[in-house]
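Novice: Below is a structure I'd like to ask you about.
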Amino acid sequence: MSAIATPIAVGANAGASGSHVASGGLDLTHGVVLYLEGISVSFDGFKALNNLSLSIDAGELRCVIGPNGAGKTTMMDVITGKTRPDAGTVFFGQTIDLTRLSEAEIAHAGIGRKFQKPTIFERHTVFENLELAMKADKRVRKTLFAKLSSSQKAAIDETLELIRLKDDSNRSAGLLSHGQKQWLEIGMLLMQEPRLLLLDEPVAGMSDEETERTAELFLSLAGKHSLVVVEHDMAFVEKIAGKVTVLHEGSVLAEGDMRQVQNDPRVIEVYLGR
């Protein structure tokens with residue numbers, strides 16, 4: 001793997017040392033949205049991550065694969081602040097040191113995470129779920145009865161179109177199919193305008209048609225957002241992946257396009273099988 005550029009400044013407000021963004025903004029000077037360098041995490045003597053280094057380009061759709069226990073979930077836990085690394089650095093853009101921020105601060109900075117099981121407000125409508133996600137800093141009662149501005153309504157309508165739930169906007173979220181609930185949660189993340197989305201096994205349990213639509217959704221998001229997709233469905237990964245990172249025993253085993261990793265003898269041995 002090629003060497004990772006070192007961030008040029010430390011701290012979310014480091015805009016004075018040549019950065020082209022305003023103080024507190026996301027500096028993408030080098031075209032990289034996420035840097036992990038030398039990350040190690042141990043749990044009771046087990047090394048979940050072992051000197052892990054990788055970078056994600058701005059607007060990239062990266063797939064991360066690997067056997068169970070490879071460190072995929074721990075990697076996302078480190079990025080989102082749920083787990084603190086024993087060693088190494090994690091930067092969002094050039095200047096935001098994620099190891100110094102809380103989980104809430106990391107989300108506010110522009111990183112959204114979707115877990116495998118969708119978390120939505122099942123008793124509210126699809127539209128209300130998106131409204132609540134947009135106004136997550138307000139009390140639920142106040143939010144539901146607040147009057148939406150035209151721009152806010154337009155943002156919700158645009159997201160409904162994107163996640164293909166426009167016709168279900170007034171439907172109770174609890175009545176949606178599994179795949180539709182997954183799309184709704186992705187829509188809720190998008191209402192918070194994240195720059196980076198972390199998606200954990202997003203097509204698990206989906207029908208073939210839902211999986212196909214999810215692939216189309218992710219491809220449409222790439223460019224405007226950066227996506228890191230952890231997935232075991234190799235057919236789905238093949239549909240969406242430009243670059244694939246294979247983790248094994250907490251480190252990067254291989255990296256490249258889908259054909260490269262599929263033909264890598266090390267990947268075949270530890271994950272794909274013959």
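The values are calculated or read from the model by the stated rules, or taken from the named source; none is laboratory data. Source: prediction; values computed, not measured. For neighbour counting, all protein chains shown are included, and Cβ atoms are generated from backbone atoms with ideal geometry for every residue, glycine included.
Novice: Hey, which of the strands (runs of 3 or more DSSP E) in segment 24-66, taking only ones fully inside, have at least 2 residues that are over 27 Å from L272 (Cβ atoms)?
Specialist: Fully inside segment 24-66 and qualifying: 32-43.
Novice: Another question, if that's okay. Being under 30 Å from E161 (Cβ atoms), touching a strand residue (DSSP E or B) at 6+ places or on another chain (Cβ under 6 Å) and of a type outside the set (V, I, T): is that true of R113 here?
Specialist: Taking the combined requirement at face value, the residue satisfies it.
Novice: To continue, here is another question. Test each condition in (1) modelled with pLDDT of 95 or more; (2) touching a helix residue (DSSP H, G or I) at 6+ places or on another chain (Cβ under 9 Å) for F115 and report the one that comes out false.
Specialist: Single failed check for F115: (1).
Novice: Let me ask something additional. For segment 249-264: of the residues being on the phi < 0 side of the Ramachandran plot, among the acidic types (D, E) and in a loop (DSSP other than H, G, I, E, B), which is surrounded by the most Cβ atoms within 10 Å (Cβ to Cβ)?
Specialist: D264
Novice: Still on this structure, please answer the following. Kindly provide the set of residues from segment 200-213 that are outside any helix (DSSP H, G or I) and within 18 Å of the chain's Cα centre (by Cα), ordered by number.
Specialist: Once the filter is applied, which keeps residues that are outside any helix (DSSP H, G or I) and within 18 Å of the chain's Cα centre (by Cα), segment 200-213 yields D200, E201, P202, V203, A204.
The rows are residues; the columns are (1) loosely packed, with under 14 Cβ neighbours inside 10 Å; (2) in contact (Cβ under 8 Å) with a residue 12 or more places away in the chain; (3) in a helix (DSSP H, G or I); (4) on the phi < 0 side of the Ramachandran plot.
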{"residue": "N170", "(1), (2), (3), (4)": "yes, yes, no, yes"}
{"residue": "Q182", "(1), (2), (3), (4)": "no, yes, yes, yes"}
{"residue": "L198", "(1), (2), (3), (4)": "no, yes, no, yes"}
{"residue": "A215", "(1), (2), (3), (4)": "no, yes, yes, yes"}
{"residue": "S220", "(1), (2), (3), (4)": "yes, yes, yes, yes"}
{"residue": "E238", "(1), (2), (3), (4)": "no, yes, yes, yes"}
{"residue": "L247", "(1), (2), (3), (4)": "no, yes, no, yes"}
{"residue": "R266", "(1), (2), (3), (4)": "yes, yes, yes, yes"}
